[in-house]
Amino acid sequence: NAGVTQTPKFQVLKTGQSMTLQCAQDMNHNSMYWYRQDPGMGLRLIYYSASEGTTDKGEVPNGYNVSRLNKREFSLRLESAAPSQTSVYFCATCDRGIWEKLFFGSGTQLSVL
Amino acid sequence: AQRVTQPEKLLSVFKGAPVELKCNYSYSGSPELFWYVQYSRQRLQLLLRHISRESIKGFTADLNKGETSFHLKKPFAQEEDSAMYYCALNTMNTGFQKLVFGTGTRLLVSP
C-alpha cells in the first residue's frame, strides 16, 4: 500500500520546456488535488478533481493543465515552463471531503532555469 | 473572501518554553479548521482538527469564532516539534469542499 506516489521527485527544466508531473493513489479516493508550495506563500491549490472525469481550477491554475486519467491517476502538465513555476509540487487525495483522510505525496521539486 | 492568515513566518523558542502559533481566518460560512504539520523530509500530515477538540503530541487548538482565530498551543515545546505548521480552512464552493491553507509558520525549538 504505497498511498500517494509522485514522480519525478526532482526535475530541472529550461524556460519553455514542457513536462508532466505524475500522481497515483491506491486508496480508492475520489478527490485529488495539486498544490504548489512556495516560501512565504504556503500551499496554493492549482487544480483539483472531485471525481474521475472531472477537473476544476484552483487558486493558481495559469500555466498548468491537468488530466484525471482514471480514479487512480491525476497528472499535472506544464506546457511551457517559466521560472515563476519553480516550486515544490504536492499531489493530495481525499475521501469525499473527509479531511482527516487527506493524504499528501512526497512532493516534486521543480526548478525552471 | 476565504482566507487563512498565519502572521509569523518563523517562531523560535527554547525547549520547555510555551508555544503559540497564530492562525486567523475569514469565512462567511461555519468554519471547519485544521492544523497540518510537515516535519523535515516528511510528508504533510494532519495534526489536529477543531471538531475533535483533542490534544495531539501535547498540542491543542481552540476555535474562537468571536476573534476568528484557531491558534495552536503547547505548554512545553520539545525539539522534535521543530517543523512547518499550516493552518487550513475547509471551504465550500459550487458544492465541492476544498482546503485553503495559510502561508505556514516554521517552528524552531532550540535545546
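Computed from the coordinates by the stated procedures, all read-outs in this text should not be read as laboratory data. Predicted model, so just to flag it, every value in this text is computed and none were measured. Reconstructed Cβ throughout: ideal geometry from the backbone, glycine too, with neighbour counts over all protein chains shown.
Here B:Glu20 passes the criteria (1) in contact with a His (Cβ under 6 Å, 6 or more places away or on another chain); (2) under 30 Å from A:Thr54 (Cβ atoms) except the one numbered (2). Among residues of the range A:69-84 being over 10 Å from the mean Cα position of the chain (by Cα) and crowded, with 20+ Cβ neighbours inside 10 Å, the one that is farthest from the other protein chains (Cβ to nearest Cβ) is A:Ala81.
Among the strands (runs of 3 or more DSSP E) confined to the range B:1-87, the ones with at least 3 residues that are within 14 Å of chain A (Cβ to nearest Cβ) are located at B:3-5, B:33-38, B:45-49. The conditions of being touching a Ser or Thr at 6+ places or on another chain (Cβ under 7 Å) and at the interface with chain A (Cβ under 9 Å from one of its Cβ atoms) are met by B:Val100. For the residues A:Arg68, A:Arg96, A:Arg36, A:Arg72, the requirement of being under 28 Å from B:Phe34 (Cβ atoms), out of contact with any Ser or Thr (no Cβ under 8 Å at 6 or more places or on another chain) and not polar (S, T, N, Q) singles out A:Arg72.
A single member of B:Leu21, B:Leu48, B:Leu33 is closer than 14 Å to B:Ser82 by Cα, within 10 Å of the chain's Cα centre (by Cα) and surrounded by 12 or more Cβ atoms within 10 Å (Cβ to Cβ), and it is B:Leu21. A:Thr55 - would you say it is surrounded by 15 or more Cβ atoms within 10 Å (Cβ to Cβ), closer than 24 Å to B:Thr103 by Cα, more than 10 Å from chain B (Cβ to nearest Cβ) and polar (S, T, N, Q)? It is false that A:Thr55 is surrounded by 15 or more Cβ atoms within 10 Å (Cβ to Cβ), closer than 24 Å to B:Thr103 by Cα, more than 10 Å from chain B (Cβ to nearest Cβ) and polar (S, T, N, Q).
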